[in-house]
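What follows is a set of notes on a single structure, which appears directly below.
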Amino acid sequence: SESPPSVSDTAPAPTADNTNVIMKPEEVPKSQRASLTQRIANTDITVTYSRPVARGRELSGALVPYDKPWTPGPDRATWIKVTRDVTVNRASLPAGSYSLWAIPRADAWTMIFHKDWNRFHLPYPGDEGVALRVDDIKPERGQHMETLAWYFPIVEGKDAVLRLHWGVTIVPLAVSVP
């Protein structure tokens, strides 16, 4: 079988500067890149991802299949960088960069932080290289979010909540700095 295209073939490098280029409407990516950085105490957490748009499609259990690893976003794998050791849902995650993978289920999600962070979004790189696996995350139901988003609705002292939100599904992760 043919291997997926390399990251450089499918998306611009994270530091590429094409701000002086006038793009034709048909050249604009359907899922545009986004990045967010949040400081928690003396630790920076950056999430970089592509933002797919629901466009009326059924998401959970359909476009985003249940019980299969999925990186929340197309093109390059979604990745997170933490500048110091943190805990995620009380489990230790060393400082570093990781691709983010989810295993969605109707009643509980799994989030996987994988050491192979600079990669295409398919296929899942396998369990070798997993830095942290957080099971039994209870999804919440919220207002419809048309475009996939990661955000920090709560930052208090050394604790925060990082949310993945698309459609009406919200997946919360408790992040703490020791």
Could you please find all residues in segment 70-93 being in contact with a helix residue (DSSP H, G or I) (Cβ under 6 Å, 6 or more places away or on another chain) and surrounded by fewer than 23 Cβ atoms within 10 Å (Cβ to Cβ)?
75
For segment 41-69, name all the residues that are outside any loop (DSSP other than H, G, I, E, B) and open to solvent by 50 Å² or more (accessible area, probe 1.4 Å).
51
Examine segment 107-115 for a residue that is surrounded by 15 or more Cβ atoms within 10 Å (Cβ to Cβ), outside any loop (DSSP other than H, G, I, E, B) and not hydrophobic (A, V, I, L, M, F, W, C), and state whether such a residue exists.
yes
Give the residue, chosen from 79, 101, that is hydrophobic (A, V, I, L, M, F, W, C) and closer than 17 Å to residue 68 by Cα.
101
Among the residues of segment 132-149, write down those that are in contact with a Gly (Cβ under 9 Å, 6 or more places away or on another chain) and either buried (at least 16 other Cβ atoms within 10 Å of the Cβ) or not in a strand (DSSP E or B) (or both).
145, 148
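The values are calculated or read from the model by the stated rules, or taken from the named source; none is laboratory data. The structure presented is a predicted model; accordingly, all values stated were derived computationally and were not measured. Reconstructed Cβ throughout: ideal geometry from the backbone, glycine too, with neighbour counts over all protein chains shown. In case anyone asks, the SASA skips ligands and DNA or RNA and just uses the protein heavy atoms, side chains included. Shrake-Rupley method; radii C 1.70, N 1.55, O 1.52, S 1.80 Å.
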